[in-house]
Each structure stands twice: as structure tokens, then as C-alpha cells.
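The values are calculated or read from the model by the stated rules, or taken from the named source; none is laboratory data. Computed from a prediction, not measured in an experiment: that's the story for all the values here. Counting neighbours? That spans all protein chains shown, and the Cβs are built from the backbone with ideal geometry, glycine included.
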Ligand code: KG4
Ligand code: ZN
């Protein structure tokens, strides 16, 4: 990487799905700082259809894109001259939606004569982990030697993706495992629909799962694990398991591929199991307690599989850092259970020099936003030569959205 001189300022745009977002982010020796992050959500518009309608999304993006960009620039207090480059989500996503952000970004890049970077949406989710008041990228680097956050393991869990990704350096991605059918977020959304809960399903299910714990005076499993860790200095795996299962709900759903040899996932069978469970108990669909219990068990099933596979990947690849990326990373039970699992691994298995750092994005950068796109773009931009930057300026009009953009 080139030594950083001065500050790099990026204007970024994200319109891959149902959020119109723009941000201004700066990158200097203190790390990645968000100067402004504006997100205009279309959740209410799409909720009545139970999911995102691509053409409606595009129409809303057209309506919102200019005001959102203007607000980001105004809040950040920056003007054309302060911007070093423009970044936009190039894919994956809905083409009609992506097109609006890409068109706006191309226009600005052309008129302002700025380099234009097309960023992979999931790369943005990954780099959201490094945004901080004092950038976590810098803090993590400072604690160790520069760049020593790698190898890094990312658990990517969004509405469209569920992957375990190994990074040996910035922007080097090796997909270790992925879902064979539904993504984790997609499963949350589908099961929420089965339970008659609103869109988006993830937050709705999380809320009902929490209500189940509250009404039964139960701690969420992550809290039980924390307590057990405090009570039992060297807990046996089996002890932990039985203590937790004593507190589990009467309803049980499968944990697909929990013990499989690979790092792949499958959530469609779990969704079908939830569907049959609800069909068999049709009369109880209006019973709030029943819905809460199914939501709790479903969330636990997803989290159990995600945590077990991440742990397996840690044991196999010994990363220095583990992060979670994508909308489902907002799930508190997932964050807590993963943190507990890594803490236990660090305490029991690893010598101090091999301890794993665990980073999570701030909640506001877990869901779709443009700051994460700016973060990835800034780290990419500072590594480019002046010729490469010139090329991004002169080629800006040839950047096209790609619904199936590969991560690389
Ligand atoms: O990353 P994201 O905002 O959009 C995509 O790139 O797909 O992720 C959206 C997904 C949705 O499926 C939503 O239900 C899920 O993230 N989600 C959650 C939570 N918040 C959002 N899933 C579980 N728990 C949450 N708290
Ligand atoms: Zn996303």
C-alpha cells in the first residue's frame, strides 16, 4: 500500500435494493470516518407487497437520489472540489434499482471529472466493519503490525447471500462455503411471512423471539452461554449443551447441515419445516405465544448453524480476525452467540498470540447504506497509482451495473 498522505474523501451511492443512500467518507491516518450517511428507506412502500418490487424501487430511487446526495454533501460540509472520487454499488442487486445509482454516479463523475469506482455490494458490507469513530482498521493495525488483520474470516449474511469468505489480504476473497439454496436473510423473510409477521422479516422475528424469552422469564441462549462461562471455569461442551437444552422451547426445528463436513449452508428445509409446523397448528396462528415460540426456535436454529460453521472455519483456517457482514449481522442473538463462541475458543483453546479478534459493524452500518460502499472504495482508492486513477476518470461512462457481479 502507498503511504497515505493527506485525506481521501469519497462520495458514495448505494441503490441496489430498497434503500436510496449516499454518504461522504474520509480516509486518513486516523482511519475511516463517516462525514455523512443518508439513507432513505422504502420499507413502508414494499411492506404491503411483502417484499421488494423492483420497478417500484427504481421509481422511488429516481425520486430520492438527488435530494439524498445533496443532503449527504450538505451534512458533510463538502463541495465538488473536496471530493477525490465517486463510488457506487455496481452489483449484485436489482438491475432497475442499480441503474439509478450508477447513472447518477456516472453523471457526477463526468461533470465533475472525478474517478469512478464500481463496488461490490458485499465488499461494502465487509468494509463496514472497519468504520468507526477511530477506525477499527487502524486500531486493529496499531495493536499488531500493519496489515496484520489477515487472514480475516467474514461471515456474510444478507438477504441475498450466505457465505464464509476468507481474506488473506485486502480485496482477496476466497469463498469457503455458501448456501445451497436460500440465504439466511431470505429465510428470515419467508418464515416471517409464514408467521404473518411484517416485512422485513429479520427484525420482526428477532422481536418476537425476544418476547418469547421475556414472557417465559428465559434468557436468550447467548446470555445463558455467557452465564455458564462465568459459572464454570472450564465448561465441557456437553455440559453447556444440556444446560441450554433444558431451557429450550417445546417446539423444535432442524439445524440443517449442522454436522456436515463442509462449510456450506442450507436454509430451505428449515423454512419448509416451519411451514409444516404452522400448517399443523393452523388454529394457533393467531396465538401470539405460539408465534413467538416458533420465531424463537427458528432464530435459534439459524444462529446455531451460522455459529457452528463459523467456528469450524476458524478451527480450520486460524484467522486473526472474524467479522460479520450483511443485514442479518444486525441480529443481536447472532452477534452475542458468535462473540461467546469466539471468547470461549480464545479462553480455552488458543495461546494468547493466536487469539481471534471479533469485529462487528455499528448497527447503522449493518443494513444497506452508502458509507460501507465509500469505506471499501476509499481503501481501494488509496492503493491506486495516479495512472490508474486517471483511467477510472476517463472510463467512468463505461461502468455498467451487473446483477450477478462476482466478488473479487
Ligand atoms: O444487507 P441487507 O440490508 O440487504 C441485502 O443486501 O440483502 O439485508 C437484508 C436482510 C433481510 O433479509 C432482513 O430480514 C435481514 O437482513 N435482517 C435481519 C435483521 N435485520 C435485517 N435478520 C435477522 N435479524 C435482524 N435483526
Ligand atoms: Zn446488503
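Below is a table of values for the structure above.
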| item | result |
| --- | --- |
| Test: residue in the stretch 344-357 that is in contact with a strand residue (DSSP E or B) (Cβ under 7 Å, 6 or more places away or on another chain), more than 15 Å from residue 122 (Cα to Cα) and modelled with pLDDT under 95 | yes |
| Among residues of the stretch 22-45, those that are surrounded by fewer than 20 Cβ atoms within 10 Å (Cβ to Cβ) and out of contact with any strand residue (DSSP E or B) (no Cβ under 8 Å at 6 or more places or on another chain), counted | 5 |
| Residue, nearest to the chain's Cα centre (by Cα), within the stretch 381-408, restricted to residues that are in a loop (DSSP other than H, G, I, E, B) and closer than 18 Å to residue 169 by Cα | 407 |
| Residue count for the stretch 315-367, restricted to those that are within 30 Å of residue 41 (Cα to Cα), outside any helix (DSSP H, G or I) and in contact (Cβ under 8 Å) with a residue 40 or more places away in the chain | 12 |
| Matching residues in the stretch 183-225 - criterion: being closer than 18 Å to residue 287 by Cβ and surrounded by 18 or more Cβ atoms within 10 Å (Cβ to Cβ) | 191, 192, 194, 195, 197, 204, 205, 208, 209, 212, 213 |
| In the stretch 337-361, the residues that are surrounded by 19 or more Cβ atoms within 10 Å (Cβ to Cβ) and within 16 Å of ligand 1 (Cβ to nearest atom) | 337, 338, 360, 361 |
| Every residue from the stretch 189-213 that is within 11 Å of ligand 1 (Cβ to nearest atom) and not in a helix (DSSP H, G or I) | 197, 198, 199, 200 |
| Residue within the stretch 39-56 that is more than 16 Å from ligand 1 (Cβ to nearest atom) and assigned to a helix (DSSP H, G or I) present | yes |
| Residue check, residue 294 at pLDDT 95 or above, within 17 Å of residue 256 (Cβ to Cβ), within 14 Å of ligand 1 (Cβ to nearest atom) and crowded, with 22+ Cβ neighbours inside 10 Å | no |
| The lone exception for residue 324 - which of (1) crowded, with 19+ Cβ neighbours inside 10 Å; (2) closer than 27 Å to residue 170 by Cβ; (3) more than 13 Å from ligand 1 (Cβ to nearest atom) it fails | (3) |
